[in-house]
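So the structure is just underneath, and the comments pick up after that.
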Amino acid sequence: MPSSSGVLVSVQSNTMQSIGNQIGYKVRNMAQHGQPAIDINLDDSNEQRQKFVTSYSSMDSIEGTVTITAAHDTSFEDIDIAFIGTSQTIVDRMTTTPTMTGRTEANHRFLTLRQPINEAHFPSTRVFKAGRSYKFPFTFTIPSQLLPKACAHNVVADHIRDTHLSLPPSLGDPDLAGFGGTLLDDMAPDMSKIIYGIKVRIAHTRGIEGIVVLAEKLKKVRVKPAFLEQPPLSIDHNDEYRARQEKTIKKGLFKGKLGTLTARTTQPQHLVLPGARSIDAKSITTMAKLVLRFDPTDEINAPPKLGSLATKMKVSTYYASAPRQNLPIRSNFGFDLSQGVYTESIPLSSLCIASAHWEKHNATSNYSATDSLVRRDSGISDCSAASDAEEAFAAGILPASKDYKQGTFYAAQILVPITLPMNKNFIPTFHSCLISRTYTFALQFSVHGGARMQLKVPIQICAEGSDTGNENARARSVEETALRAAVDMYTPRSVAPPSFEDARRSGSVSAREELPPDYTAFAPPTTRYRVSHSIFT
């Protein structure tokens, strides 16, 4: 009887759910009945691009046409065509009550480009005639940087704001993630999304109701901005990384100490993704360097035998429900409940390093970067301990371990290739107000006797711009240079020439001339961080 009752409840629940779905479907149809139909088409004369998911980069132009068709005569007040970029995050929190969960959501529209519409394209009576199609062209240029208003919150340093004002890449949309026409996983959680698209709204004013949206539509596009290499990340006091490790190596069980093995690596050269719409599917690769030093307990002890070396990439997506003031640090998450992180590890390669060449040194050849460098003038301050250590690392010699006694030691260098797998969609390293993406390169190797050592360092992924975007950027640079020269030419030589900003404020340079080609639709973005809170069972 209990089981029959349970089945009955399940059937009733499914029936009610089906009825609810049908009612919702009919309500939506009734609400949409009579709405003007909106069709957004992107211009693309290159047949080769038809094989690709729509993808654009910095300074690329997006051109197309909006077609509006009404089923019956429809009055309207205005049409808004905009290119928008938004960040959406969800952070779940644990509460003191086991049956309760806290959730915080944030939405940030960091980019809004509006297309001015020629009045000649509007019907004279502001009425869409039944069955007739109306076309409205649009042109947008994707900026390489956001306006300062896009990041209006407090930050700890100027370089943090600079990173927040870089245009972030598309993220978290499975319909767009990928390379070319292939959809690939971009390793982003459902809790973080960055969406770009052409959004069209048709509005009308109805008495006391005010402005009413008659119809709207969003056509998503994929944005892959160009990202240049940034300075190496400081990891001295960051527990997430380990660039150097020492380990005692034993001869065997109950056989005493063989010596001390020291391993060190540095942040590898950055990886570079091809530009948007690139058809070159070449490997994305770079090289890491592993330097080893063995300090034997006795002069007769030889270096230990090395085994296999495995490498992997840890992909971290940070998301927050409140704008960040600094770069995300995992150790702070226990105190800041508005932060979240999702990580995924991607195996890269496995190498046998048993044949690594050990070079024997004695106490007199113990490398000292300070001693080996040509003595510089005392006024030059680049002979710091850090620069000495880096120069010693470049030479393949590490500082002595804590157990080293003056005598013989051994050194070895191993070059480790890093190649990104082609079955994942990697995006550049970036930091925005709410979302960040970082990468960690980890290498682990074994030593004869069962010892294992693991090093972890950050690695950057950058991105090239598209061919057309790069050409547009060069054209803009030439125009700005010519404009500055023109301003300087007409400035009296008896006074200092005004800055470009002063010239713009004075009116000799218009705001439109300051903008890149076709950048006519740049309106200030919405800087409000809309956050909604809810507690539910």
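State whether the residues of the stretch 166-174 include one that is modelled with pLDDT of 95 or more, outside any loop (DSSP other than H, G, I, E, B), surrounded by 18 or more Cβ atoms within 10 Å (Cβ to Cβ) and under 15 Å from the mean Cα position of the chain (by Cα).
Yes, that holds for at least one residue.
Is it true that some residue in the stretch 284-306 is under 30 Å from Q88 (Cα atoms) and either surrounded by 14 or more Cβ atoms within 10 Å (Cβ to Cβ) or modelled with pLDDT under 90 (or both)?
yes
Do we find a residue being out of contact with any strand residue (DSSP E or B) (no Cβ under 8 Å at 6 or more places or on another chain), outside any helix (DSSP H, G or I) and modelled with pLDDT under 90 anywhere in the stretch 338-350?
Scanning the stretch 338-350 turns up no residue that is out of contact with any strand residue (DSSP E or B) (no Cβ under 8 Å at 6 or more places or on another chain), outside any helix (DSSP H, G or I) and modelled with pLDDT under 90.
Assess whether T112 counts as being among the polar types (S, T, N, Q), open to solvent by less than 10 Å² (accessible area, probe 1.4 Å) and either more than 26 Å from the chain's Cα centre (by Cα) or at pLDDT 95 or above (or both).
Considered against the rule, which asks whether it is among the polar types (S, T, N, Q), open to solvent by less than 10 Å² (accessible area, probe 1.4 Å) and either more than 26 Å from the chain's Cα centre (by Cα) or at pLDDT 95 or above (or both), T112 comes out as yes.
Would the stretch 181-191 turn up any residue that is open to solvent by 80 Å² or more (accessible area, probe 1.4 Å) and either at negative phi or of a type outside the set (D, E) (or both)?
yes
Out of all the residues in the stretch 435-467, which are among the β-branched types (V, I, T) and either out of contact with any strand residue (DSSP E or B) (no Cβ under 8 Å at 6 or more places or on another chain) or at pLDDT 95 or above (or both)?
I435, T438, T440, V457, I459, I461 - these are the residues of the stretch 435-467 that are among the β-branched types (V, I, T) and either out of contact with any strand residue (DSSP E or B) (no Cβ under 8 Å at 6 or more places or on another chain) or at pLDDT 95 or above (or both).
Looking at the stretch 306-337, which of its residues are small (G, A, S) and in a loop (DSSP other than H, G, I, E, B)?
Scanning the stretch 306-337 gives S321, A322, G334.
Any idea which residue in the stretch 239-271 is most open to solvent (accessible area, probe 1.4 Å), counting only those that are assigned to a strand (DSSP E or B) and among the polar types (S, T, N, Q)?
Ranking the candidates gives T248 first.
Quick check on my filter: what residues within the stretch 34-60 are modelled with pLDDT under 85, part of a loop (DSSP other than H, G, I, E, B) and charged (D, E, K, R)?
Scanning the stretch 34-60 gives a single hit, D44.
Quick one: in the stretch 245-283, of everything that is of a type in the set (S, T, Y) and under 31 Å from the mean Cα position of the chain (by Cα), which residue is modelled with the lowest pLDDT?
S278
Which residues, taken from the stretch 441-464, are over 25 Å from A354 (Cα atoms) and either open to solvent by 10 Å² or more (accessible area, probe 1.4 Å) or of a type outside the set (V, I, T) (or both)?
P458, Q460, C462, A463, E464
Table: residues versus (1) touching a Phe, Trp or Tyr at 6+ places or on another chain (Cβ under 7 Å); (2) among the polar types (S, T, N, Q).
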residue: A320; (1), (2): no, no
residue: L327; (1), (2): no, no
residue: S331; (1), (2): no, yes
residue: G334; (1), (2): no, no
residue: Q339; (1), (2): yes, yes
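Which fully enclosed strands (runs of 3 or more DSSP E) of the stretch 407-474 have 1 or more residues being without any contact (Cβ under 8 Å) to a residue 40 or more places away in the chain?
451-458
T69 fails exactly one of the following numbered conditions: (1) under 37 Å from the mean Cα position of the chain (by Cα); (2) at pLDDT 50 or above; (3) not in a loop (DSSP other than H, G, I, E, B). What is the number of that condition?
Failed condition: (1).
Exactly one of these conditions fails for P303: (1) in contact with a helix residue (DSSP H, G or I) (Cβ under 9 Å, 6 or more places away or on another chain); (2) not in a strand (DSSP E or B). Give me its number.
So P303 meets the others, but not (1).
Do we have any residue at all in the stretch 198-206 that's touching a His at 6+ places or on another chain (Cβ under 9 Å), surrounded by 15 or more Cβ atoms within 10 Å (Cβ to Cβ) and farther than 30 Å from L167 by Cα?
No, there is no match, as no residue in the stretch 198-206 is touching a His at 6+ places or on another chain (Cβ under 9 Å), surrounded by 15 or more Cβ atoms within 10 Å (Cβ to Cβ) and farther than 30 Å from L167 by Cα.
Inside the stretch 307-325, can you point out the residues that are open to solvent by 10 Å² or more (accessible area, probe 1.4 Å), small (G, A, S) and at pLDDT below 95?
Correct list: G307, S308, A322.
The values are calculated or read from the model by the stated rules, or taken from the named source; none is laboratory data. Note that this is a predicted model, so its numbers are computed, not measured. Heads up, the Cβs are rebuilt from the backbone with ideal geometry, glycines too, and the neighbour counts pull from every protein chain shown. All accessible areas refer to the heavy atoms of the entire protein, side chains included, with ligands and DNA or RNA removed. Shrake-Rupley method; radii C 1.70, N 1.55, O 1.52, S 1.80 Å.
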